[in-house]
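Encoded as structure tokens, the structure appears first; notes follow it.
The values are calculated or read from the model by the stated rules, or taken from the named source; none is laboratory data. Computed from a predicted structure; not experimentally measured. Note that each Cβ is placed from the backbone with ideal geometry, even for glycine, and that neighbours are counted across all protein chains shown. When the accessible area is computed, the model is the full protein with side chains, heavy atoms only, and any ligands, DNA or RNA have been set aside. Shrake-Rupley method; radii C 1.70, N 1.55, O 1.52, S 1.80 Å.
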2 protein chains.
Amino acid sequence: MSKLQIKSPVPSDIEIAQSVDPVPVKQLADRLGILEDELDLYGKHKAKVHLSVLDRLKDQANGKYVVVTGITPTPLGEGKSTTTVGLAQSLGAHLNKKCFACLRQPSQGPTFGIKGGAAGGGYSQVVPMEEFNLHLTGDIHAITAANNLMAAAIDARIFHEATQSDSALFKRLCPADVKTGKREFAPPMLRRLQRLGIDKTDPDQLTPEEAARFSRLDLDLSTLTWNRVVDTNDRFLRGVTVGTGPEEKGKTRETGFDLTVASEIMAILALTNDVADMRERLQRMVVGSSSKGEPICADDYGAAGALAVLMKDAIMPTLMQTLEETPVFVHAGPFANIAHGNSSILADKIALKLVGEDGFVVTEAGFGSDIGAEKFMDIKCRYSGLTPNCAVLVATVRALKMHGGGPNVVPGNPLPREYVEEHLDLVEKGCCNLAKHIQNMKEFGVSVVVAVNKFGTDSDSEIDLVVKKALEAGADGAYPCTHFAHGGAGIADLAKRVVEVCEKPNDFKFLYPLDISLKEKIDIIVKKMYGGDGATYSEQAEKKLATYEKQGFGNLPICMSKTHLSLSQDPKLKGAPTGFTIHIRDVRASVGAGFIYPLVGTMSTMPGLPTRPVFYEIDLDPATGKILGLS
Amino acid sequence: MSKLQIKSPVPSDIEIAQSVDPVPVKQLADRLGILEDELDLYGKHKAKVHLSVLDRLKDQANGKYVVVTGITPTPLGEGKSTTTVGLAQSLGAHLNKKCFACLRQPSQGPTFGIKGGAAGGGYSQVVPMEEFNLHLTGDIHAITAANNLMAAAIDARIFHEATQSDSALFKRLCPADVKTGKREFAPPMLRRLQRLGIDKTDPDQLTPEEAARFSRLDLDLSTLTWNRVVDTNDRFLRGVTVGTGPEEKGKTRETGFDLTVASEIMAILALTNDVADMRERLQRMVVGSSSKGEPICADDYGAAGALAVLMKDAIMPTLMQTLEETPVFVHAGPFANIAHGNSSILADKIALKLVGEDGFVVTEAGFGSDIGAEKFMDIKCRYSGLTPNCAVLVATVRALKMHGGGPNVVPGNPLPREYVEEHLDLVEKGCCNLAKHIQNMKEFGVSVVVAVNKFGTDSDSEIDLVVKKALEAGADGAYPCTHFAHGGAGIADLAKRVVEVCEKPNDFKFLYPLDISLKEKIDIIVKKMYGGDGATYSEQAEKKLATYEKQGFGNLPICMSKTHLSLSQDPKLKGAPTGFTIHIRDVRASVGAGFIYPLVGTMSTMPGLPTRPVFYEIDLDPATGKILGLS
């Protein structure tokens, strides 16, 4: 039962968040039947849940699995996280179902840059929102440390190979022990020898030729894709020259930094099923090719074990709660374009066991159905073995007006008046975008219920029109939702319909099989999801696709890196365009995470700070310890 | 009473650490009388202790305060951390005193690079050593985030100032609100206006000239000292060119990365007394000067509040324990050359209250008495108001032989036989170094007890000789110690003497007053601590000293950045040299932390990875979750 005290007009997010007194997370865990040994507290309101829950509950039936996605949004976002939280609050506190929301951990970059936090908003939030938006339980920091240890290992090795003879290099890789005088291969070195087909375990038995093959990774620098990362919006790190210090002897190299959430290790965290699997994925991450065209992996640098050690706590999801005491898992937050943009498989799996057969897990997929939900189905569900019982599609009158020909929506500028006045014509015309996203979900055989996220400026006629159009397009339900203003109570109609829909049998299917060519997979996505005619490829892209298929990675799923602001590759093309092609500029591989990502256009993986970043308003009150100004 | 099961020969550090079952930290906190509201658990064996303990116990008398320092070490280190832990184990588990050890948090860089962990060794360790050496409770990661947000803010501002007109810049700094149309200054902007002497609070009232002065920080790039940081040994980041991406329009800049522990924010964490003080120190950090020579501080970028928010949990010390269940605070770990190399004031203060009048707090100062302990006295004690009751000086036969003319000790090479055979002549000759360090502590009016850290290869005659020489040099006691092999039991004689010495009245005095010139302070340190004749200065150093005195920072204490491998500036000059001068190459200021640091020679703030880093041995056992190979 909810104890939420609703005020009108809706106060600021941080005011609402700080007005409630969250239940101690230990108590929340008790309610969920989590045992003391399965819980690591991180202060009073966050805790990590051990993966051993999955063993204990392995015979427990899963709960119902609901994925939240959206139509093509305006640059302001249409409230997908808020809807995920609101729906969970409704199922939990109003319909009295056992329920979990599973959310991504946000990057700190936007928190201090332009966007502010990502814990939902209004009366549908995760609390304490300050904890959610800041360090949480350190998972992103662990990824930063692991990613950058890998980077340091790569550059140090390049340097050592460039400055040492074959024999010196081998001697330093396998030095004589200070006490025993004996030389020994470390375990990753034995694995590398196996990959090289050298069946020896004693360093002294290698021929000079074998020692040289073993010692020289011989990385072709033009193929090196491993960037360093920071969790800060630092545009001056987009492009950097490293090694300009005098001790690096002029061996400079052009590279760049991404936000930490763009690291392949983040994608691995989100897609892994257990510790052994994570350890294996970290080991097989490919950072580039040798000059002979062989893939060079993390294990060749001997770093995979250390990376796994750095990630040993991060693999456990973090338990938090909504404003209405619904349990929430916050875990992983991979980029939604160069990666798959979904929270972790492990959080979903543990939540599905904890809520049990009659319970519900609401998980969010990044961006619209063409990107986040497509990757949810074809990548995340493929690796987890789970399938959703229902998709919830978030739509707003604002975004639909934009798709119907309304003027540009620009962050930081006042909204043009088309968006604050009734314009049924624009809404009606824009509903083609909504219809396409409904159809997209149907492609996977999944039922879809539309959440019309109602703003104060939307007229009843506009809302009614969207509901009507959604049903006409084949939605299994469509409801006005006011969870921002009213919490779980504001989205109860939709929640009830979700419960009904989840009882129906499921006819889930992937969009494409894995055993066709990479190009065929891309072609299917472009045609079925985007409504386009197909794809064209740069010379570079053709070459990379051929390389990856030759290296044995042709059976991986596809993770398209495309703008979320249009179904096409052109952010200005609104509505539901047809008759276009997608141009693949380049192709990359996240072999450890397990996907190939074609780059459509240029994706920024490092935002900048505006002239007046939001951090100007953020402060810590020394008297109360309260955080001020976080939005 | 200790339950430690001692084996001989001594197993590896990680074997010993994993052989004990640490008491739950909640239980440890209960024993210390820490209230539930004052404790934030981070898993089962780490917890943060709230600063509110200090308020609750403000009328409680402090315990005795013992600082551990050392003679000039070999590059292998002489066991100062191990002695700190062993002494605390002895006082706590063997003499039944209430006792705390206060240690620095180690950087992850060396953990994965050359050195391995830093939790003590043998039967004198902090456990779980894996937690100690890895993420701990995230403090270093918080510093990385804060330091790099500051860096991003600086470079973004340089870019915005370089690419925008005065009026555009002002308009973007104070934009009209999207809804109300009103322009407002953020709180840090109002503080900047005050510093500029502009007594206005409404953006629309500023003259164009005032708006330009307000908007343009006009940073002189040649004075910018703020580096980015990572907690990884990444030599290719020592020197970097940032801004090479196409969107940064050719506005590249040469800069570099340091290890996170070299960040001024780390030094602030170690020297702060409460939240308000930390907030103030972050605000007044100086990053460079304007082209007119005025200092530019963090507050000019509006970032201090956000930095404080990022540091809000890091300010609380982390409670852990030794192998013998002695409580340990792990908190802050500033570099011992470019910063002051001591753990936090707050950890010491809370520990002194928790142990109470009859209890003991053992805290470690980095490097030898000439560096770490001098800074402990003149910087840390000056800011804390605390004074030590006793200093413990760690000496080894190995290091004394080196000072007596023994061959070079090189990490990674076998020890020359002079160090594993009896050589009384070398020991006797080397004791001049021991005598100088004893004398150094006496300069502060502090009693000093010598811990002769005994290795298996030391002969009894050698040990006896060191004890004799120490007493001749004025030590208040000197004892062979075998805490590495025997835990607290092996250092009980020394512990008993420490208890006695702490009963004596104290005659503490600083080495120098604050109200003399910076050069006079440097001169006193060189003469009294190093045994040198004085200092010479580069032109650059002279200029910087003049600037800092002109900017009003002449009253700060001095934090010498000098090699720890000699009392002089020449690492090869062993023993107790005289007749030398110190050359100050450059001078920098950590105004927020509160010291001026003269640079003697070049200090590396970013180690590299060797060809075979220790991470080759590190792995995570997926079956047990145990960490393997951490040393």
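Of note:
- Any hit, segment B:298-320, residues being in a loop (DSSP other than H, G, I, E, B), within 14 Å of chain A (Cβ to nearest Cβ) and free of Cβ contacts under 8 Å to residues at least 40 places away in the same chain: yes
- Total residues in segment B:310-327, condition more than 29 Å from residue B:120 (Cβ to Cβ) and surrounded by 24 or more Cβ atoms within 10 Å (Cβ to Cβ): 1
- Of all the numbered requirements in (1) of a type in the set (Val, Ile, Thr); (2) over 24 Å from the mean Cα position of the chain (by Cα); (3) more than 18 Å from residue A:436 (Cβ to Cβ), residue A:522 misses one, and that requirement is (2).
- The set of residues in segment B:551-560 that are assigned to a loop (DSSP other than H, G, I, E, B) and of a type in the set (A, V, I, L, M, F, W, C) comprises B:553, B:556, B:559, B:560.
- Scanning segment A:544-567 for residues being closer than 22 Å to residue A:262 by Cα, polar (S, T, N, Q) and over 18 Å from the mean Cα position of the chain (by Cα) gives a total of 1.
- Here residue B:61 does not fit the description of being crowded, with 21+ Cβ neighbours inside 10 Å and among the hydrophobic types (A, V, I, L, M, F, W, C).
- Counted as qualifying within segment B:460-534 are the helices (runs of 4 or more DSSP H) with 1 or more residues that are open to solvent by 10 Å² or more (accessible area, probe 1.4 Å) and free of Cβ contacts under 8 Å to residues at least 24 places away in the same chain, namely B:460-472, B:492-503, B:518-525.
- Checklist (1) more than 29 Å from residue A:372 (Cβ to Cβ); (2) out of contact with any helix residue (DSSP H, G or I) (no Cβ under 8 Å at 6 or more places or on another chain); (3) at the interface with another protein chain (Cβ under 7 Å from one of its Cβ atoms); (4) not basic (Lys, Arg) applied to residue A:246, failing item: (3)
A quick yes/no check of all residues on (1) aliphatic (A, V, I, L, M); (2) over 35 Å from the mean Cα position of the chain (by Cα); (3) within 9 Å of chain B (Cβ to nearest Cβ):
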{"site": "A:162", "(1), (2), (3)": "yes, yes, no"}
{"site": "A:183", "(1), (2), (3)": "no, yes, no"}
{"site": "A:187", "(1), (2), (3)": "no, no, yes"}
{"site": "A:192", "(1), (2), (3)": "no, no, no"}
{"site": "A:195", "(1), (2), (3)": "no, no, no"}
{"site": "A:199", "(1), (2), (3)": "no, yes, no"}
{"site": "A:204", "(1), (2), (3)": "no, yes, no"}
{"site": "A:209", "(1), (2), (3)": "no, yes, no"}
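- Some residue of segment A:227-243 being within 12 Å of chain B (Cβ to nearest Cβ), modelled with pLDDT of 95 or more and surrounded by fewer than 17 Cβ atoms within 10 Å (Cβ to Cβ): no
- For segment A:561-581, a residue qualifies if it is part of a loop (DSSP other than H, G, I, E, B) and open to solvent by less than 10 Å² (accessible area, probe 1.4 Å), and the qualifying residues are A:562, A:566, A:567, A:568, A:575.
- Restricting segment B:597-631 to residues that are of a type in the set (S, T, N, Q) and closer than 21 Å to residue A:159 by Cβ leaves a set whose member that is nearest to the other protein chains (Cβ to nearest Cβ) is B:611.
- Those residues of segment B:27-61 which are basic (Lys, Arg) and within 24 Å of residue B:323 (Cα to Cα), in sequence order: B:31, B:44, B:46, B:48
- Identification of helices (runs of 4 or more DSSP H) wholly contained in segment B:124-189 with 1 or more residues that are open to solvent by less than 10 Å² (accessible area, probe 1.4 Å) and either among the polar types (S, T, N, Q) or within 30 Å of residue B:19 (Cα to Cα) (or both) yields B:129-133, B:139-163.
- Residues in segment A:249-289 that are facing another protein chain (nearest Cβ under 10 Å) and free of Cβ contacts under 8 Å to residues at least 24 places away in the same chain were compared, and the one that is farthest from residue A:596 (Cα to Cα) is A:252.
- Test: residue in segment A:108-123 that is more than 30 Å from residue A:611 (Cα to Cα) and out of contact with any Asp or Glu (no Cβ under 7 Å at 6 or more places or on another chain): yes
- Considering segment B:116-151, and only residues there that are at pLDDT below 90 and under 17 Å from the mean Cα position of the chain (by Cα), the residue that is nearest to the other protein chains (Cβ to nearest Cβ) turns out to be B:117.
- For segment A:1-38, filtering for residues that are among the aliphatic types (A, V, I, L, M) and open to solvent by 80 Å² or more (accessible area, probe 1.4 Å) leaves 2.
- Selected residue (only one of B:355, B:328, B:394, B:410 is more than 13 Å from the chain's Cα centre (by Cα), of a type in the set (Val, Ile, Thr) and modelled with pLDDT under 95): B:410
- Residue A:575 being at pLDDT 95 or above and on the phi > 0 side of the Ramachandran plot: yes
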